[in-house]
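Report on the following structure.
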Amino acid sequence: MAIKITDECINCGACEPECPNNAIYEGGTEWAITDGTSVKGSFTLMDGQVVDANERFAPISVDTYYITPNKCTECQGFHEEPQCAAVCPVDCCVPDEMYRETIEELLEKKDKLHL
């Protein structure tokens, strides 16, 4: 499943540079599939919606850092554990129960993001 950042986030920013998929954004920042990935053209989001990879989406959070589940792979294929959780000083990077994915699904997502 994807990782989420809880309201306990202190906005230190330690997690953002650790994400191999650039799935972590500062609160209030719009996100796009193309940010930090090799995706060009059309991309299918987790909900089945097909979007242009350059399309900007509204921030998931305004007050704290957030992780977009459409790009989170729990660091599968890059590291043995989610790096955001490993570096978070307040342990606010936790599994997001709303987005359950198998390791195979996470690796498939990784491959789509990094052609």
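The values are calculated or read from the model by the stated rules, or taken from the named source; none is laboratory data. Fair warning: this is a prediction, and the values are worked out from it, not measured in the lab. Positions of Cβ are generated from backbone atoms using ideal geometry, with glycine treated the same way; all protein chains shown enter the neighbour counts.
Observations on the structure shown:
- Some residue of the stretch 6-22 being surrounded by 14 or more Cβ atoms within 10 Å (Cβ to Cβ) and of a type in the set (S, T, Y): no
- Answer residue from the stretch 68-109, given it is of a type in the set (D, E) and in contact with a Lys or Arg (Cβ under 9 Å, 6 or more places away or on another chain) and is farthest from I3 (Cα to Cα) among those: E101
- K71 being crowded, with 19+ Cβ neighbours inside 10 Å and assigned to a loop (DSSP other than H, G, I, E, B): yes
- Selected residue (criterion: modelled with the lowest pLDDT) from residues of the stretch 33-59 that are of a type in the set (D, E, K, R) and surrounded by fewer than 16 Cβ atoms within 10 Å (Cβ to Cβ): D47
- Count of residues meeting criterion [touching a strand residue (DSSP E or B) at 6+ places or on another chain (Cβ under 9 Å) and either modelled with pLDDT of 95 or more or aromatic (F, W, Y) (or both)] in the stretch 97-111: 1
- Residue ID - farthest from T64 (Cα to Cα), chosen from residues in the stretch 1-31 that are in contact with a strand residue (DSSP E or B) (Cβ under 7 Å, 6 or more places away or on another chain) and in a loop (DSSP other than H, G, I, E, B): M1
- Criterion violated by F43 - all others in (1) outside any strand (DSSP E or B); (2) closer than 18 Å to L115 by Cβ satisfied: (1)
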